[in-house]
There are 4 protein chains.
Amino acid sequence: MSLANGRPYLAIPGPSVTPERVLRAMHRSSPNIYEGDLVEMTHGIVPDLKAIAGTEHNATIYIGNGHGAWEAALSNVVAPGDKVLVPATGRFGYGWAEMAEGIGAEVEVIDFGVQDGMDMARVAEVLAADTRHKIKAVLGVHVDTSSSIRTDMRGLRKALDTAGHPALLMADCIASLGCDRFEMDAWGVDVMVAASQKGLMVPPGLGFVFFNDKAADVRRAMPRVSRYWDWTHRANPDFFYQFFCGTAPTHHLFGLRTALDMIHEEGLEAVYARHATLAEAIWAAVEAWGQGGPIRLNVAERGKRSHAVTSLRIGAPHGTALRRWTEHEAGVTLGIGLGMSTEDDPKGDGFFRFGHMGHVNAHMVLGMLASVQAGMTAIGVPFGPGGIDAAAEVIAQG
Amino acid sequence: MSLANGRPYLAIPGPSVTPERVLRAMHRSSPNIYEGDLVEMTHGIVPDLKAIAGTEHNATIYIGNGHGAWEAALSNVVAPGDKVLVPATGRFGYGWAEMAEGIGAEVEVIDFGVQDGMDMARVAEVLAADTRHKIKAVLGVHVDTSSSIRTDMRGLRKALDTAGHPALLMADCIASLGCDRFEMDAWGVDVMVAASQKGLMVPPGLGFVFFNDKAADVRRAMPRVSRYWDWTHRANPDFFYQFFCGTAPTHHLFGLRTALDMIHEEGLEAVYARHATLAEAIWAAVEAWGQGGPIRLNVAERGKRSHAVTSLRIGAPHGTALRRWTEHEAGVTLGIGLGMSTEDDPKGDGFFRFGHMGHVNAHMVLGMLASVQAGMTAIGVPFGPGGIDAAAEVIAQG
Amino acid sequence: MSLANGRPYLAIPGPSVTPERVLRAMHRSSPNIYEGDLVEMTHGIVPDLKAIAGTEHNATIYIGNGHGAWEAALSNVVAPGDKVLVPATGRFGYGWAEMAEGIGAEVEVIDFGVQDGMDMARVAEVLAADTRHKIKAVLGVHVDTSSSIRTDMRGLRKALDTAGHPALLMADCIASLGCDRFEMDAWGVDVMVAASQKGLMVPPGLGFVFFNDKAADVRRAMPRVSRYWDWTHRANPDFFYQFFCGTAPTHHLFGLRTALDMIHEEGLEAVYARHATLAEAIWAAVEAWGQGGPIRLNVAERGKRSHAVTSLRIGAPHGTALRRWTEHEAGVTLGIGLGMSTEDDPKGDGFFRFGHMGHVNAHMVLGMLASVQAGMTAIGVPFGPGGIDAAAEVIAQG
Amino acid sequence: MSLANGRPYLAIPGPSVTPERVLRAMHRSSPNIYEGDLVEMTHGIVPDLKAIAGTEHNATIYIGNGHGAWEAALSNVVAPGDKVLVPATGRFGYGWAEMAEGIGAEVEVIDFGVQDGMDMARVAEVLAADTRHKIKAVLGVHVDTSSSIRTDMRGLRKALDTAGHPALLMADCIASLGCDRFEMDAWGVDVMVAASQKGLMVPPGLGFVFFNDKAADVRRAMPRVSRYWDWTHRANPDFFYQFFCGTAPTHHLFGLRTALDMIHEEGLEAVYARHATLAEAIWAAVEAWGQGGPIRLNVAERGKRSHAVTSLRIGAPHGTALRRWTEHEAGVTLGIGLGMSTEDDPKGDGFFRFGHMGHVNAHMVLGMLASVQAGMTAIGVPFGPGGIDAAAEVIAQG
């Protein structure tokens, strides 16, 4: 007998739970892609995306996943031979760096490990040392989905300013947009990439690239940008077909329209507050459990923890065993540990992650935590008392 | 800010959570109702319904809700002036009695209150006193959705047998079919009614009436049965149109086919065991909470508690306040107290119910319990410690 | 190879084509049935139903099919032993008569065959002969789905008035509501029944009963009405649960809300005009074909033809052969002949029907007609020239 | 009053009509993207795609539209400075050429106009003149969606062989795959690109690139290929994440799986035959109309006409007027003329297109043709008699 046969909860850090309103909006006959409702709807989506990104500048939508958005953003401002600096706080910092290498960039990575986050002084130092300003762009991952470290993007901006360095500041908000506060213009970010399947609550398939005028200038000076990645006409199309460099992602647009409506109805500040409180509930539970057992939050410093994803350490093989148990016995699928393997744990079986991004409420998070506690009991991992009570207390305070 | 903006969980005692497979199966163009797939599918549904009811006899499907099924069943065996006995354990016993009055029956109710369940000796006594066998049918509600009392239907059968009374035994399994074990033939039940929207996981709209040969004989002796309620051709149609006395409930049938497949895939015994364990988890939490506060299970005796619905007492106005809080702050909609009003609490604000029937898993139940605990904290109702831990412990044991 | 593998078109006279907006509205988690959106929505549905029925009086919604609505309506005003008069124009007149017999009424049928429609003088004559006013109700089918005869309900009203007969006039608008103009109050109809799956474009599962004050008075004088069928509380519920005598048909209500919105957006007059023009296109095609072959409209007199369904004669076995061909080779499912069997054609293989009710446009009808013409060619049935051209001409004139 | 208010038919050349089975398959909660059903399903999709493409070599799936697939294919075998030859038969030949320019290729276009198709002798001539084999790839559009010209890809292969030229032969089958016969290996095509939203019946969002060993060798010799476009790991992933260079297109994969099942159930040969017959029906109608009016098939030579899309000439402003009429009055949306503007008709108002690709049957096509005839009548464009009859005759012959 299994206790999982009900509505399953996918608590991995993306794709997130797609709201039924979004799925419903996507369940429709294909529309005309040359004129009519789809065209008008797309024109309305763009300003709403900008509002969520905190920018008054440019928003573009690509049919592609997050990796596609990474390559799109890079392709517009980094030419073969250009140099980029990547202060990395997890697997996805390295991933973006690899995409930069893939387009021929010279890449310098500063490895900040997977638990501590960036040391901005060191970033500033490296930038200051680049006196000939060979570094064309600094690539910062706002929330690294593997480590769940959240980087202070204002701090990174300040590091550039301190060093007096003219490089573009590029941010990856794939795991954070619509979850953790992000204000592109106010924080001095020049280019930002995101995707549909996390805080924006739409199935995978869309990438977004936002850019300001400084980045647009850099683009104009590029020797060549491939047509699919070129953001120029996507941001300012002469006709609808250019929005997407060809056929529009019809059904995803209907879903996105609905998701943006939902965010608007709740209010972006309320969305941020909800994510913050749910994250605190998770932290409270894990910290209590950790008093009497091996489970630990990956990130010790509260201010560096994401509100959308939480990476955990529990020791091999408990991470994998726990994930199996909650999926097959309780109906909760947890995220695998990513980029966390060590010599002792080559497969990363001692790690796992909670996704808590987008369409997530107190019931879902509390149920997940209680399922994890049941799982620890079932697989024989000790834990300290009061975890769920502490989480429920956070929820009760709201 | 609300923490409810995620996937809402409707934890009322029906309609239950419709599985997305079922909803998907219902999202389709209308089929031909005279020939083709729908006809074949319906012929396959009937034996599967019988298997879940534990009968080798007759199954009929009505377009109607549970009240419709009540009236359908009665209409086939109870004529105006006939007498029925209703040993009532809650609001729904009275409801069925009222339907019997509505068709002109003389109704005798034995009121067993809303907490204690039936005293079979007393039922036997009443039957024995009916020496002229004027009572044509005994109407027993297997699980009364209002009180959450589960009645021992074998015990009720035994009461008839003890009294040597020939009345039909009719069971209402609306809230229990596919949740709490029920074996129509083995337990000597002659007529049973159920509906689609609880353990069978399909939206409201279908009622079911099962009957054995003894009941069929009673039907044949009836002076007249209205055509819509007449079960004769529904159980043995000469042509498809008679299955439903007219147009078939096309989309509900597609949903029902899928729901029956899901029950079959899990296995009926596993379904029962899942419901039993989830119910125990709920009881464990509430009993712990009750050590330090006003919350109580409505039914003290474990063996008389439903595995599908749990009625609770917390004192006015806490029941209503708690329901409001969990719905608006945590995303869980609890059931209202029904049939529980008292002089001190005319609106029943001191009561509420958990539905845990059908498509429900450990995550959903644990999340609901933790949300309730958060709610008690938020609205200032004291409770004893260890409730969620106790529930998680039950889940861990499986 | 088949040419049917595309989007199939079900052109039977009900269930009609469910709009994808309606299906989408129905694809959702179950709502609370005690409070919230569903309750408000239902209160809004009732006046919209009345508007379509052309009445300012009472509307009730039953979980049930058309047969259920028939029995519901009868049960409120016809007691066992009461007499009803049924001037029948097809199978469904007989069907309603049988339902009346089923509840114990004395039924007098005037059989007007299946092609000619009612002779109102004869109806008036029969009524006038009932000098003691034993006839309590006259049951008229507005559009008989089998014969596709449309009855002049004002004419029927006049027949009662001419005879000075106080019987209730009850109308079956199951196949006509939302297709053929019907004005309950203006036309002096006292009770009207309809269902969800034809002009109202929702899957089967809901029946509707409308009634005026005169009928309400008759109801009040009834010795007893069974609770499920009783319209009293359904029309004026003290609380939401009474609207449906138990659990609400949640998903159908969401679908119905959307269907009513669609009718409102188009405008009821425009809906009637669309049905009228599409029907004329069909008639034009068949009349042209009939100049050179056996196909005939069942109803010769234009004013007696339904705008929602068309019954055809083509001679056995061509009707069945044609239906098979269009379904398997062209993707169009036509309706079977119903109630049209003769001695020479015991199975009715020489008849078939077109449904053109509800969500139907010029493309669908023209494609159906051209598919039928292809089918006649394929199975070797001769036909006169210019059928499709004539239909297209009607469409072009709009 | 409009006659369009029914199920609308989008008869543009892509996106095509998405089958409701496909939409239903896509309406689901997001799955785990690291393990489980999605992983297994994707492994099963790849061989099925190869079978439809007629290749035993490599298939890759990109999140992207057709333009993305164009760029993906080019990026793997064409480096900046390489030369490609594009014998163009319509707008999409030019479109692919522009994508090649966008990645830095030197592009030579042979313009064959928009009506006549390729002169293979001339292609062979150009290739033969390239004695130093600077041309690295020949880009041929199998069916140009703008002109509806179908190119004989075996003929193009033969042109390369005749010239003894080693260039890669690359085919664009975006508008033809699953509609017009295509056999990649047998016909000697080295690289082929396709997309999801036409013959494959899935919403826009997926592009496909197929390649053989010769192309793989060219890839290996490339100086660099960007990571998103690189087909190497997509074709032979070490782990699931590499299939899509990041997050999988979860919902599109569920849709694609169902669409491939549907093609398999019907049989690929039957799918081709269906498209061929439906195209012939269209041609028959237009040719008859053209005897008495200005409407003409764009492609005179039968063997050069696509079976999936038909481009038409009717003279400005009739094309646009006709499209408006059929959309607003009959419920059929026709495709705009694309790449057909002339000096006299700068907006292309004299042209339009029929899409008849994928999920399309006789009913849909016949209804479209009859709607077009009604439209010509309504807007006052003359036409010859017998068009629909001729189309129905083709359908009747099957």
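One line per residue, one yes/no per condition, for (1) among the charged types (D, E, K, R); (2) at pLDDT below 95:
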position: D:Tyr9; (1), (2): no, no
position: D:Arg24; (1), (2): yes, no
position: D:Asn32; (1), (2): no, yes
position: D:Asp37; (1), (2): yes, yes
Subject >> Those residues of the stretch A:181-196 which are surrounded by fewer than 24 Cβ atoms within 10 Å (Cβ to Cβ) and farther than 20 Å from A:Ala167 by Cα, in sequence order >> reply: A:Arg181
Original post:
Any idea which of (1) farther than 25 Å from D:Ile174 by Cβ; (2) assigned to a loop (DSSP other than H, G, I, E, B) is the one D:Met340 doesn't satisfy?
Top reply: (1)
Subject >> Residue within the stretch B:380-395 that is surrounded by fewer than 20 Cβ atoms within 10 Å (Cβ to Cβ), among the acidic types (Asp, Glu) and assigned to a loop (DSSP other than H, G, I, E, B) present >> reply: no
Original post:
Out of all the residues in the stretch A:197-212, which are assigned to a loop (DSSP other than H, G, I, E, B) and either touching a Leu at 6+ places or on another chain (Cβ under 7 Å) or surrounded by 24 or more Cβ atoms within 10 Å (Cβ to Cβ) (or both)?
Top reply: A:Gln197, A:Lys198, A:Gly199, A:Leu200, A:Met201, A:Val202, A:Pro203, A:Pro204, A:Gly205
Original post:
So C:Thr342 clears everything in (1) free of Cβ contacts under 8 Å to residues at least 60 places away in the same chain; (2) crowded, with 20+ Cβ neighbours inside 10 Å; (3) over 22 Å from the mean Cα position of the chain (by Cα) except one condition, right? Which one?
Top reply: (2)
Original post:
Among the residues of the stretch C:231-252 satisfying the criterion of being more than 24 Å from the chain's Cα centre (by Cα) and of a type in the set (Ser, Thr, Tyr), which is nearest to B:Leu253 (Cα to Cα)?
Top reply: C:Thr247
**OP:** Inspect the stretch D:285-301 for any residue being facing another protein chain (nearest Cβ under 9 Å), touching a Lys or Arg at 6+ places or on another chain (Cβ under 7 Å) and modelled with pLDDT of 95 or more and give the result as yes or no.
**Re:** no
**OP:** Considering only the stretch C:219-305, give the helices (runs of 4 or more DSSP H) lying wholly within it that have at least 3 residues that are charged (D, E, K, R).
**Re:** C:250-266, C:268-290
**OP:** Considering each residue of the stretch C:44-83, count those that are out of contact with any helix residue (DSSP H, G or I) (no Cβ under 9 Å at 6 or more places or on another chain), closer than 30 Å to B:Ala25 by Cα and surrounded by fewer than 19 Cβ atoms within 10 Å (Cβ to Cβ), and give that number.
**Re:** 0
Subject >> Number of positions in the stretch A:321-337 that are assigned to a loop (DSSP other than H, G, I, E, B), under 18 Å from A:Val17 (Cβ atoms) and more than 9 Å from chain B (Cβ to nearest Cβ) >> reply: 0
**OP:** State the number of residues belonging to the stretch D:294-339 that are at positive phi, surrounded by fewer than 24 Cβ atoms within 10 Å (Cβ to Cβ) and out of contact with any Ser or Thr (no Cβ under 7 Å at 6 or more places or on another chain).
**Re:** 1
Original post:
Hey, among the residues in the stretch B:1-15 that are farther than 19 Å from A:Asn361 by Cβ and in contact with a strand residue (DSSP E or B) (Cβ under 7 Å, 6 or more places away or on another chain), which one's nearest to the other protein chains (Cβ to nearest Cβ)?
Top reply: B:Gly14
Subject >> Residue check for D:Val141: touching a residue at least 40 places away in the same chain (Cβ under 8 Å) and surrounded by 21 or more Cβ atoms within 10 Å (Cβ to Cβ) >> reply: yes
Original post:
Restricting attention to the stretch B:349-379, which residues are over 16 Å from A:Gln373 (Cβ atoms), more than 7 Å from chain A (Cβ to nearest Cβ), aliphatic (A, V, I, L, M) and assigned to a helix (DSSP H, G or I)?
Top reply: B:Val372, B:Met376, B:Ile379
**OP:** Could you grab the pairs with beta carbons closer than 8 Å, sequence gap of 6+ or different chains, first residue in the stretch D:217-240 and touching a residue at least 40 places away in the same chain (Cβ under 8 Å) and surrounded by 14 or more Cβ atoms within 10 Å (Cβ to Cβ), second one in a loop (DSSP other than H, G, I, E, B) and among the hydroxyl-bearing types (Ser, Thr, Tyr)?
**Re:** D:Phe240/D:Tyr34
Original post:
Listed residues B:Gly188, B:Gly178; which is at positive phi, of a type outside the set (Asp, Glu) and touching a strand residue (DSSP E or B) at 6+ places or on another chain (Cβ under 7 Å)?
Top reply: B:Gly188
Original post:
Out of curiosity, is C:Ile314 more than 27 Å from C:Thr55 (Cβ to Cβ), among the β-branched types (Val, Ile, Thr) and touching a Gly at 6+ places or on another chain (Cβ under 9 Å)?
Top reply: yes
Subject >> Residue that is modelled with pLDDT under 95, farther than 19 Å from A:Val299 by Cα and of a type in the set (Gly, Ala, Ser), where the choices are A:Gly398, A:Gly331 >> reply: A:Gly398
**OP:** Kindly list the number of the only condition in (1) under 26 Å from the mean Cα position of the chain (by Cα); (2) within 18 Å of D:Gly292 (Cβ to Cβ) that fails for D:Lys347.
**Re:** (2)
Subject >> Per-region count, the stretch B:1-38, residues among the hydrophobic types (A, V, I, L, M, F, W, C) and surrounded by fewer than 17 Cβ atoms within 10 Å (Cβ to Cβ) >> reply: 1
**OP:** Scan the stretch B:85-104 for residues that are among the β-branched types (Val, Ile, Thr) and away from chain C (no Cβ under 14 Å) and jot them down.
**Re:** B:Val86, B:Thr89
**OP:** Could you run through the stretch D:16-58 and say how many residues are closer than 30 Å to D:Asp185 by Cβ, among the aliphatic types (A, V, I, L, M) and more than 14 Å from chain C (Cβ to nearest Cβ)?
**Re:** 9
**OP:** Tally the residues that are touching a residue at least 24 places away in the same chain (Cβ under 8 Å) and touching a Lys or Arg at 6+ places or on another chain (Cβ under 7 Å), restricting the search to the stretch A:85-107.
**Re:** 5
Subject >> Residue check for B:Leu268: at the interface with chain A (Cβ under 10 Å from one of its Cβ atoms) and of a type outside the set (Ser, Thr, Tyr) >> reply: no
**OP:** Return yes when A:Ala186 is assigned to a loop (DSSP other than H, G, I, E, B), among the small types (Gly, Ala, Ser) and modelled with pLDDT of 95 or more and no when it is not.
**Re:** no
Original post:
Can you spot a residue in the stretch B:112-125 that is under 14 Å from the mean Cα position of the chain (by Cα) and over 21 Å from B:Phe210 (Cβ atoms)?
Top reply: no
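The values are calculated or read from the model by the stated rules, or taken from the named source; none is laboratory data. All values reported here derive from a predicted model rather than from experimental measurement. Counting neighbours? That spans all protein chains shown, and the Cβs are built from the backbone with ideal geometry, glycine included.
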